[in-house]
Each structure stands twice: as structure tokens, then as C-alpha cells.
Amino acid sequence: MLRGVRFPDDKDFSGCSIFGMMNVKGDIFTGEPLIRAIANMKERSNGLGGGFAGYGIYPDMADLFCFHMMYDDDGARQQVEEYLASNFSVEGAEIIPTRPCEGVADPPLLWRYFLDPRPGLVPEESGVDDFVVRVVMHINASMDGAFVFSSGKNMGVFKGVGYPEDIGTFFQVDEYPGYIWVAHGRFPTNTQGWWGGAHPFNILDWSVVHNGEISSYGINRRYLEMYGYNCTLQTDTEVLAYAVDLLIRRHGLSIEEMSLVLAAPLWTDIEREKPPRRELLTALRQTYGSLLMNGPFSIIVANLNQMIGLTDRIRLRPLVAGESGPIRYISSEEAPMHLIDDGVTKTWIPRGGEPIVAELETRAKGKAAAGVKAAKTCMEEVGIS
Amino acid sequence: MKSYLLPEFVIDRDDFRCIRCEVCVRQCANDVHWYDEEDDACYLDETKCVGCQRCATLCPTSALTVRRNPASNPDNANWTMDVLMNIYKQAETGGVLLTGMGCDRDYPIYWDRMVLDASQVTNPSIDPLREPMELRTYLGAKPDALEIKGEGANQRVKTRMAPQLKLEIPVMFSAISYGAVSFNTCESLARAATEAGTYWNTGEGGLHSKLYKYKDHTICQVASGRFGVHADYLEAAAALEIKIGQGAKPGIGGHLPGEKVSAEISRTRMIPKGTDALSPAPHHDIYSIEDLSQLIYALKEASHWVKPVSVKIAAVHNSAAIASGIVRAGADIVVLDGIRGGTGAAPTMIRDNVGIPIELALAAADTRLRAEGIRNRASVVVAGGIRSSADVVKAIALGADACYIGTAALVGMGCHVCQKCYTGKCNWGIATQDPYLAKRLNPDIGARRLTNLLRGWSHEIQEMLGGMGINAIESLRGNRQRLRGVGLSREELDILGIKHAGE
Ligand code: SF4
Ligand code: SF4
Ligand code: SF4
């Protein structure tokens, strides 16, 4: 775990900004327009956190897991590197290139590694993804001064303390081409800047950016604990990411069904439905009532194939969708889309609880690793340390 | 033998106000008041007064004040007047001390040491008058995961869902048996439950056939005496409840004296008129958890697997582990009844000294079921001392799916918690079979008072939820983050699984 001042219940009591952009044909663009878009929503962040996730950014290393690491000092780095080397064949290790930027102070040491799990070490039954999750959870929970903030294939998260546009400039996201980019500007009210606490929250190739406070956090967390998810970061966003993993990867629900759980329809609306659908909705709500995300939120969830936007069921946080040719946008506000793209022809505001899904027309930009399995892959038994 | 008992209550009559209407004379079944025509004066025998406040409430000129007898022995924390009176009583009769209602001792009431959260700035509170605010609750086993087949319009749930009870407010009426209370009391409860979209519970006294029409809102109990249990009874229920124990008297059975077993009660309970109805302490076919499981499945089988089966136990030291056993034995609902739970009659020493507070039992059971990963498999209902909507909200935040109210419901119909239910002379027409007294409770009015009470509580629950920025009750259930303790020790906080205020 990265050191620094943190408070328990590091919840996002914030009215953050979120922005997502995807080319459904899989054509690539850099993170540069995202920097401008997120800067245009400056009111929504307070300089205590910003971040980006880009998909398709490491095409030459697409078969390898890429870990982005934060270290407090060189000692922590050596320790983690030894641990990594004992679990993976390390195909690349380098300092993440950054450029000095006025708004970004005191960054931790930032490194990235391209990793191939050592075959003998991966238990057959659980598979390689679970193995990687265990490693990530171990480092984050138990290794002093170290934090894995990105662990997918052919994707990467860049985040830290500062305004998001400064963080983007610092990490040079304008120099990485990808086909999905998401960005987040944060307005935390109860935390001093802690680099690990910025969004996106990532595990394997799932990343989540989130605006809002989840009033049901206490029960969401206790429910997930029953399924072996140990919410170590104590953030709402973490709970969301685990809920998505449980519902989609482990229970095999579709994205629509998942949104019917996270932002369940009202009972009065359920009763208006015809029988088979009514029964389905009733059963979903009865079964997964403890995963209803109550309180204001809007989120963008991304993986190698999809970008999904969702708000709470009474839409207490804003979310706008837009289209421009093959480009799909999901944003807290509409203006930034027009700022970066004159060709935005269609914009709409989804209803509360209605998911917006943008999907690659031809899957598997991430080659071998991509496809449904990888997209549905995340973490298991997160409680281990 | 000369009795050394002092009157428990003293009554002041303001003779200036008294108009000699004799209402008090007629209303007091304990014959405390009488009128002397020659003197044109009212007189009192306070030794018979139980403090039920019936006369004071109905006196048209408010001439009466009934209050605790302030008489006192020299101050003594150990040998209080209550202790002395109990000893005199037993020295005079050689009997077991009897009482009614729930434990009245000064154990900590944890509801009053917990406070609720509300939204400020960072997330909006919700106004329940303008926005939807959902209290609906389903009780019953839930699957761990849902399997869905088909696409689009053909989508169907593949998982077999267990039967559920649908509650429009997470409050039900506790088991109160016909026999312990009057028929009118049962009818008031049944009608109010039907109107409010919740359930009432027959207790162990069977179900009068006139109440079969409320079957969709009736939970029928199967207790150790098996009184009134037959095929039609099981049919006339929305759910079945096996009563193992009761918070007011854990570990002991029940006793309805023969004089209360009228023709109607004899028919309903299926016992001869005038005989004592004795409920054994244990079920004599349940000496272990496997035996319980057999009864659970026997009842499921007998009710064609369409009704949830509930198991009610008294909250005792290891009720968390027992609750886990009950869930594994196949129960759809586990009911925990705390030390403050009411009764028609119980030995005073048992009522006041056996069992644990419901708040601790609930927290421990919910934590245990979650740690074992089986919390989905059954709903948890708590009973025993729920007094207000705030208690309900706190219970749900601690982890309950719903609450049972017994005493609060009776109070809604007029009960003044005089604790003399076992005498059969309830002046409020509740705990009595005397037709003259029983007709004091008009079921039209009883039902209306109860629906009013539930409506008031449901508005208050909605306000508290909205204040927390939550618009569905399931988002509060088990959400202990929204609770804080005030003035509790670290140990108490740990058991309750909450933080201290300010943390
Ligand atoms: S009810 Fe009141 S006014 Fe009537 S006789 Fe009794 S004390 Fe007097
Ligand atoms: S027993 Fe009740 S009605 Fe009778 S005198 Fe006492 S308070 Fe009044
Ligand atoms: S039900 Fe009647 S007897 Fe029992 S406590 Fe209430 S008022 Fe007294």
C-alpha cells in the first residue's frame, strides 16, 4: 500500500467530472482531446485528483499484462521487483515517461512492467486472471510503499493528485494512441491528495470512473464481502468495480441485467410490465437488492471491447451521450463534446438507470487477450493478501 | 393471614370535579371504585388497582389521577419496595410470581444509544412527498445468484425462486394468541394487516374460522402445544411459523388457564372446554436441529411448497449460532425475539432475567450469517421491544429485514402496559375473554387505530430514509455505516458492528 495521509471511509463525496470517448471501429486517437474536454469541466474538480485510462495503447505488447506502479521509494521498488520476478517473466521494465508540469507536485516513483505469468505458478482451476488479481491484491494490501494502479493488457491507467488536465499533460497521454479513452476529474472533500485514490479505478482490463456518493455503500460492501471481495480501499468506486465483476463475470448477467441491479427500476414500474418480464425484474430486485447503488452516481465502465455509461435510477448526477461518426461520447456535460468535435450530430440524455453501451464493431483489438473472456475477466477472491 | 402488601397505586379523586357519573365504577373490572347512593359519594379500594388508567382516561371531568404509590421504605438500592412486595407476595402465597408483557427492568436499550445519519451537501436528501420512496420488502430465501435464460422478450428466470411474503411496510404484528387476547383483538390485527399490506400472526392459539378470510395476510404459528393445527389452518396462512421460543420466557412453555377456555376457544384450539391449555417447554418432537429440519420440511410439504416457513426463537446467548443452524435446517425466515418481548403471562423471574437484548442478538446473527455466506438464504425478522419507527429504521440498518411489533400494536389499541394480562381482567378489552370487557374493543376502531399507527410509522420511515439520501429500504438493510453509537463501550460497538458518533 502506498503511504501518505488517508482517512478511513475515503468515500468520494464529490461532484466529479467524467468523460469517455470511443471509436467503435477501433481506429486510434491520442488522449489529447480528452485533456481539453476534461479541462472544460474544471468547476467539477478541485485539483485533488485526476486520471485517464487508454485502451489499445500498447499494441506491441498486447499479450502481456502491463502493471503501472507507484512507489514511495527505491526500497519499495526493489522489493516489488523481486516479488514480480518470482511470479512473472518480466519482459520490460521502465520508468513511465512524464513531463514536468506546474500543477503536479511530489509524484511518487512511477514505473511500468510488461509481464508474463510463469506458467508453473498459475493454478489450473482459477486461471491466469485470478492469479494476476491475487498478485495485485497482495501488493496493494501488504507491500509497504507500493501500489499497482493499472494491471490490464494493452491498456493503461494514468492518474494522480492534481487537476486532470495537468495529470494528463504530466503523463503525456497526448502521445499514446488508443481506441477508448476515459478521463476523470475529482472533487474529494474528505481526503488529502493520495495518488492511489484518484480515478480510474482499475483491475485487469476493467476500469471505472465515477461521479457521486453511494449512500448504500455500507450494505453494498457487506454483500460483496459475502462473495469474497474485501474492500480495502474503502471507496465507493471500488464497490462499483467489484459489483460489476460479480454480476458480469461470476454470475453471467448481461450489461442490461447488471444495470437493472445497480439502478433497479421502481416497484411501480416493475408492476406495469407483462408477466415474464415482471417476474424477471422482481427476481433480480429480490435477489440483488443489496447491490442496488442508492444515492447519486454516474459512472463510465470500460473494458477492451466496451464503454458503458450509467446513472442512478433517479438520475441525481448528470450524464450525456453523444455520437460523431464512429466516435461515441459519454460525459458529465455536453459542452466538452462540442469543444473537441465539430461533428457531433446526436446527443441525448439517458433516463435514470438506462445504460449507454458503446461496443467495438469487430472485437479483439487486444488480439489474443481480448474477446469476451478477457472482457469479462476481473478479480476473484479479492480478500486474499 | 394479614397481607403486608401496600397498594401499588394511589388514586386521587378531585371531588370538586366529580359529577358522580359512575363511569369509573363501571369501567374498572377490578372493582376499585364504587358509588354510595346514601352518601352520594364515590369510594375507592386502591389495593385492587393495577394502574391501567382506564378510569382516568374515561372520566368525563378528568377528576381522577392514578399514580405509583410514593410510599417508601428507607432508601435502599438493594431492597427496593418492588423487591419487598415480591417477597411479601410469595411469603403469603408460596407461589411463583406471575406477570404479563415484556421485561420492565433497566437493561440498556441500545436503540436509544444509536443515532442515524443524514445527508448534508455532498449527496442530496430526498423528499418523500415528491419522490418515490420504497418500503416494499420481500421475506423469504433468496438465491445466491440468478440464472437467466433467453434473449429479449423471451428472457425468463431460470433459477427457482423460493416463496416470498410481500410487505408494503417492514413491520408485522407479532404472534399473539386467541385465548391470551380477545377475538376482537385478533380481528383488529387481521384487518389492519390486510389493509396496510403486511401480516399478523396467530400465535399458538389456532385461528378462528371467522378470520380465514384474511388468510393472505396471516402467518399461522405451529407451537409446542400444536393447538388448532389442522389442514384448514395450514391452508388459511400465507406463511407458517414454528415457535421454538419467546423472548419474554425463553426456555419455558405456556399455560392458558381453563377458565379462559371458552366454547369458541375450545373449538379453535381443539381442546375440551374449561381445560388448561399447556404448551410444553420444548417441542417434544424437536430435541435437535435435525428434528427441527424435519418439521420445517414437513410443513413445506404439507403446504405444497408455496409458503415460506419461519422459525422463531428467543434471543439467548448463542442465538447467532442457532440462527445459522436454523437457516441451514431450511427455514425461509428466522425470527429473533429479544428480552423485552411481551407475553400474556410469564413467571416474573424468567421474564426479567433470561434472554438478551434484541439489538445485540440481531447484530450478532446478521454478522454470523454473513460471515458464513448464508445471509441470502433466509430473511431475519426481529421482535421484542420495538417501540417506534426509529427503532424499526435502526433495526433494519443493523441487518433486519423486518420487525414484529406486539406490545406497540396493543398499545395502539389502548393497552397501558399494566402487565396484568394474566388476570384476564383487561379493562381495555384486549387480554380478556369476558364478553363485557371484550366488547370495549370495537374491531372497526381497533383496525383503524392500527392502520393509522402503521401509516404514521411508514411516513416517518420514509422521511428518515429520504434524509439519508436513500429511496429504497433494501439500501438501508444491513447498512451499519448509517448508524453511530453514543456512550457505548468498544465491546458493545464491536458487537453491534458500528462506530461511535464522531468517528
Ligand atoms: S368517572 Fe369521574 S366524574 Fe364520573 S364518578 Fe368517576 S370520578 Fe366522578
Ligand atoms: S385498575 Fe385501572 S380502571 Fe381500575 S382503578 Fe386502577 S387504573 Fe382505574
Ligand atoms: S393488554 Fe390489558 S392487561 Fe395486558 S398490559 Fe395491556 S392493558 Fe394491561
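The values are calculated or read from the model by the stated rules, or taken from the named source; none is laboratory data. Predicted model only: the values in this text are computed from it and were never measured. Every residue, glycine as well, gets a Cβ built from its backbone with ideal geometry; the counts of neighbours run over all protein chains shown. Side chains are part of the model used for accessible areas, which takes the heavy atoms of the whole protein and leaves out ligands, DNA and RNA. Shrake-Rupley method; radii C 1.70, N 1.55, O 1.52, S 1.80 Å.
Annotations for the structure displayed:
- Computed helical MRE - 222 nm, chain A, DSSP H runs ≥ 4 contributing -39500 (n - 2.57), nearest 500: -8000 deg cm²/dmol
- With every protein chain in place, the range B:9-95: carbon and sulfur % of accessible area (1.4 Å): 50
- Label-to-label distance, nm, for residues given as A:Ile95 and A:His338 (7 Å Cα→Cβ offset): 4.4
- The range A:17-381, accessible surface, carbon-and-sulfur percent (1.4 angstrom probe): 49
- Screening chain A for DSSP H helices whose Cα atoms reach 15 Å or more along their own axis and whose mean Kyte hydropathy is at least -0.5 gives A:127-142.
- Interface area, A with B, accessible, probe 1.4 Å, both sides summed, Å² nearest 100: 3500
- A 1.4 Å probe run over the protein chains yields, for chain A, 33 Å² of accessible area per residue, whole-number rounding.
- Over chain B, relative contact order from alpha-carbon pairs under 8 Å, at least 6 apart, %: 19
- Per residue accessible area of chain B, 1.4 Å probe, in Å²: 42
- Rounded, prolate or oblate (a/c below 1.5 giving rounded, otherwise prolate when a/b exceeds b/c) for chain A by Cα gyration tensor: rounded
- Backbone phi angles across the range A:343-351, fed through the Karplus curve with coefficients 6.51, -1.76 and 1.60 (θ = phi - 60°), yield HN-Hα couplings of x, 5, 9, 10, 9, 8, 9, x, 6 Hz in residue order; Gly and Pro are listed as x.
- For the range B:396-407, 3J(HN,Hα) computed residue by residue from phi via the Karplus equation (6.51, -1.76, 1.60; θ = phi - 60°) reads 5, 5, 6, x, 7, 7, 7, 10, 9, 10, x, 4 Hz, glycine and proline entered as x.
- Cα lying deepest toward the dipole's positive end in chain A, options A:Tyr179, A:Leu291, A:Leu48, charges on Cβ: A:Leu291
- Occluded residues from the range A:260-280, i.e. those whose accessible area drops by 20 Å² or more once the chain is not alone (1.4 Å probe): A:Leu266, A:Trp267, A:Glu271, A:Pro276, A:Leu280
- Computed [θ] at 222 nm, deg cm²/dmol, chain B (DSSP H ≥ 4; -39,500 (n - 2.57); rounded to nearest 500): -8500 deg cm²/dmol
- Using alpha-carbon coordinates, inclination of helix B:443-467 to the longest axis of chain B, degrees: 50
- Summing Cβ point charges (Lys, Arg +1; Asp, Glu -1) relative to the Cα centre of the range B:9-95 gives a dipole of roughly 500 debye.
- Carbon plus sulfur fraction of accessible area for the range B:387-503, probe 1.4 Å, in percent: 54
- Solvent-accessible area lost in complex, 50 Å² minimum, residues of the range A:282-300 relative to chain alone, 1.4 Å: A:Gln286, A:Thr287, A:Asn294
- Amide H partners (placed H, <5 Å) of A:Gly178, local residues excluded: A:Phe29, A:Thr30
- The simple Förster model, with R0 at 30 Å and r as the Cβ-Cβ distance, assigns B:Lys439 and B:Val115 a FRET efficiency of 0.10.
- Selection from B:Gly51, B:Ala29, B:Phe16, by position along the positive dipole direction of the range B:9-95 (Cβ): B:Gly51
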